[in-house]
Structures are given as C-alpha cells and as structure tokens.
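Bear in mind that the values in this text are calculations on the coordinates, not laboratory data. These numbers were taken from a predicted model, which means no experiment stands behind them. When we count neighbours, we look across all protein chains shown, and the Cβ atoms used for this are built from the backbone with ideal geometry, even at glycine.
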Amino acid sequence: MSLHAEIDLTRGTFELSAAFDVPAGTVLAILGPNGSGKSSILGSLAGLFRPDHAVITLDGRKLHELPAHDRAVGLLSQDALLFPHLSVVDNVAFSPRSKGKSRNESREIARRWLAEVDAAEFAERRPAQLSGGQAQRVAVARALAGSPDLLLLDEPLAALDVDAAPAIRGLLRRVLAADPNRATVLVTHDPLDALALADHVVVLASGRVVERGPTREVLAAPRTAFTARIAGLNLVPGTAVAEGLRTGDGGLVAGMLSADAVSGEPAVAVFEPSAVSVYPADDGLTGSPRNTIGAVVGALEPHGPVIRVRAAGDGWASGLSADLTPAAVADLRLEPGSRVRLAIKATAVTVHPASLQA
Ligand SMILES: Nc1ncnc2c1ncn2[C@@H]1O[C@H](COP(=O)(O)OP(=O)(O)OP(=O)(O)O)[C@@H](O)[C@H]1O
C-alpha cells in the first residue's frame, strides 16, 4: 500500500503545509525540532484531527474521508499505553477482535504476534507486571496484530532506557522489513532510529518540509543546521573553494569537496564531533596543517560515553560540537566560558553543495 499525503492545517498561529509519499514496503522518517508539526502530521494521518485541507490516500483509498476507526492505521506511541485491566494477550487481541474476528481467532493472532516479538511468555500477565521494554514489545505486537495498511510510529523508543532501546529498534527493523506491503511513517528525534529504520526522511521546520531524500544521503550530507544537529554532525555554511570552504567572514575550512560540490557555489562543510580536538587557547597550534580556530566553551553535555562540548563565540567555531572523554574534559579543566582552540583534520571535513537554506 503506497501512501500519498498532502496536509494543510492551522492550529492557533501554527500553520503546517506538507506533502510526501511513502511507497509500499518502505519507511519514511519525519524529523524536526519541537513544535515543527510532526505530531500534527501523525494525528492527521490517524484521523485524530481534521486538517483544513487533506488528501491522504492508501493505494487510492481516501483515508481523509474516513473516521479514525475505519482507516486501518496502526499506531505505536512512546508509551506502550496498554489497557491495564486486560491481560497481555487480550491487549494484543483487541484490534483483531474489534475488527469482528472471533475471540479464539483474535487470541490466536495475538499469540502469533507475541511470539514474533519475543513476548510469548508474558501472555497471561497484566501490563503492570512488565518492564518498560517488555511493555513496548507488547505494544509493537498490538500495533501489528490489526494488520494495518499504514503503521504510524510516534517516537517509539523515546521512553525506553538505553539498554532496552536497541532491542526494540532491532525488533522494529525486523518486523518492518518483513512486510512488503505496508507503508510506515516514523516520527523521531534520533538519527539512529532514522538510520536503522527509515528508507527516506523528511525534515520539518515550522510546518514546512525543508529537506527530504534517502536517509543516508540526508543524514550524511545535511543541508540545514537542524538536520546537522540531530544527525550529530557539524555543519559550517559558506562557499565552496578548491581547498575546501570559505566562510562568510573570510575563514577557510580546509576539506575535501564532494563530487557534486562546485567552486564558487554555496556549500556546507560537514564533519563529525569526534573529528574535533580541543586544546588550551594558548597551545600555539598556529602553523599546524589542520584547521584551527579559537572558541569559547558554551555548554558541556553528556552524550553516551563521551562529553559533547558545544562551542560558542565569534566566527565559524560558534555552534560546533566536539566529543571528548570525561578524562580529557577534566584534564583541560573545561567549563562554560573556558577559552579553547579547536582543531579539525582537513581529511575529516567534506564540503557538500548547499541546495537549501541552512
Ligand atoms: N491544540 C492546539 N492548539 C493550538 N496550537 C497547537 C495545538 N496543538 C499543537 N499546537 C501547535 O502546533 C505546533 C505544532 O505542534 P506539533 O505537536 O505538531 O509539533 P511536533 O513537531 O510534534 O512537536 P514535539 O516534537 O514537541 O512533539 C506547535 O507550535 C504547537 O504549539
């Protein structure tokens, strides 16, 4: 089932206007900052609210003319939202049951799905007797047991702890790949989810699509600052030159031009936070073959096993991220306001054409 969606909607002063397609058997990730309209899109697809104008079709079937319960849409949210008074198996059987299947048949389907998500052993438990990860497994089974033509995943891993999330991500990957027919729309903040689960991404900002394309292409070569931030990449806008990128204030970021970058055209230099080294401001690195620039530490944020240092200050260093070990942060005595020098190897920098506004 291929999804086609055109959605225009106003909520207070917020205006959303977005259009996208999800071919059968593929997953589209919708990325965007808080308030960019991701939930508004999911709600419109699910039929939870009525846009000002919408054309939403699944293989030509006009979902926008149907009430929510007739849309054959499965929804998986960040919280499992299981019915507390029903056993696990009856939670999963709920959807086939509400579609008119007999009690036995519905339970049969439910048990099959529980086995599929490695949760068969919890069948007779109540939701209160499950961990967060176990409950989310059951919620995956429940979302799929109704054989939805369209599956909506709303931050499905956001509420899980770091130990449980990879297993559910792997599970989703498996069940999504198993159905060549269903269209899936995933809303997420996490580029890992998009990388692991989505074939294509759409990036929203203030209710508009600002970027779209195959997931890896978009995340590896983001054209907007937001995508670069969520993808965890550094992005410096400027103009492509033979040696790399010339910034607006005349600085040079030495790097390698991507195949499609053209000298003299708007471009972005892209590099990983792990490619950025941090030195004391008076380290005397001038003359080094690397890109070096003075900066001020703006913030220090834990990021998995490393500390992400966000740079502030003037020039193109402002907003850059560097990943350091906690020991390095301690050695350098870094704290917000510390003056530092950042160094980035030219071989770690790729310059991509900027086709959209950053
Ligand atoms: N009931 C409402 N009335 C008026 N405005 C609303 C209402 N619900 C949401 N909005 C506004 O619509 C905009 C989009 O909200 P939406 O929840 O779709 O964004 P989002 O991208 O899902 O955000 P988040 O990542 O925080 O969930 C926001 O500016 C929000 O303030």
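In order along region 26-31, the phi-based Karplus estimate (6.51 cos²θ - 1.76 cosθ + 1.60, θ = phi - 60°) of 3J(HN,Hα) comes to 10, 10, 10, 9, 9, 10 Hz; Gly and Pro are listed as x. Here each label is just a point 7 Å from Cα along the line to Cβ, and for Gln129 and Ala158 those points are 3.1 nm apart. Loop-resident GluC sites (Glu not before Pro) (DSSP state other than H, G, I, E or B) in region 166-273 with no more than 16 further Cβ atoms inside 10 Å of their Cβ: Glu243. Each of Glu265 and His53 was given a label point 7 Å from its Cα along the Cα-to-Cβ line. The distance between the two points is 3.2 nm.
How high is the relative contact order of region 185-238, given as a whole-number percent (alpha carbon pairs under 8 Å, six or more residues apart)? Rounded, it is 27 percent for region 185-238. Take every Cα pair under 8 Å whose residues are at least 6 apart in sequence, average their separation, divide by the length of the chain, and the relative contact order is 16 percent. When only the Cβ of Lys, Arg, Asp and Glu is charged (+1, +1, -1, -1), the dipole of region 233-353 relative to its Cα centre reaches about 120 debye.
Taking every DSSP beta bridge that has both ends in the chain, the antiparallel portion is near 75%.
Considering only Pro214, Ala54, Ser131, and ranking their Cα positions along the charge dipole of region 3-220 that arises from unit charges at the beta-carbon of Lys, Arg, Asp and Glu, the one farthest toward the positive end is Ser131.
Under 16 Å of direct C-alpha separation, and excluding same-chain neighbours fewer than eight residues apart, Lys99 reaches no lysines at all. Charge dipole of the chain (Cα centre as origin; +1 on each Lys and Arg Cβ, -1 on each Asp and Glu Cβ, all else neutral): 680 debye, rounded to the nearest 20.
Out of Ile307, Gly100, Gly170, whose Cα points farthest toward the positive end of the dipole of the chain (charges: +1 Lys, Arg; -1 Asp, Glu; placed on Cβ)? Working it through, the farthest residue towards the positive pole turns out to be Gly100.
Among Pro302, Pro156, Pro214, the residue with the largest mean-square fluctuation in a Gaussian network model of the chain, with springs joining Cα atoms closer than 10 Å, is Pro302. Comparing Val203, Ala5, Leu144 along the charge dipole axis of the chain, the residue lying farthest to the positive side is Leu144, per the Cβ-charge model.
Full extension of the chain segment joining Met256 with Ala178 gains 24.2 nm, where the gain is 0.36 nm per residue of separation less the Cα-Cα distance. Computed over Cα pairs, the Kirkwood radius of the chain leads via Stokes-Einstein (1.567 mPa s, 4 °C) to a diffusion coefficient of 58 µm² per second.
Applying 1/(1 + (r/R0)^6) with r as the Cβ-Cβ distance of Asp282 and Glu6 and R0 = 41 angstrom yields a FRET efficiency of 0.10. A Förster distance of 22 Å, applied to the separation of the beta-carbon atoms of Leu86 and Ala167, puts the FRET efficiency at 0.35. One Cα centroid belongs to region 111-147, the other to region 296-316; the line between them spans 40 Å.
In this simple spin-label approximation, Asp21 and Ala330 carry label points 7 Å from Cα along the Cα→Cβ vector, and these lie 5.6 nm apart.
Sorting Thr13, Thr215 by the number of Cβ atoms found within 10 Å of their own Cβ, with the fewest placed first, yields Thr13, Thr215. The simple Förster model, with R0 at 51 Å and r as the Cβ-Cβ distance, assigns Ala242 and Arg112 a FRET efficiency of 0.25.
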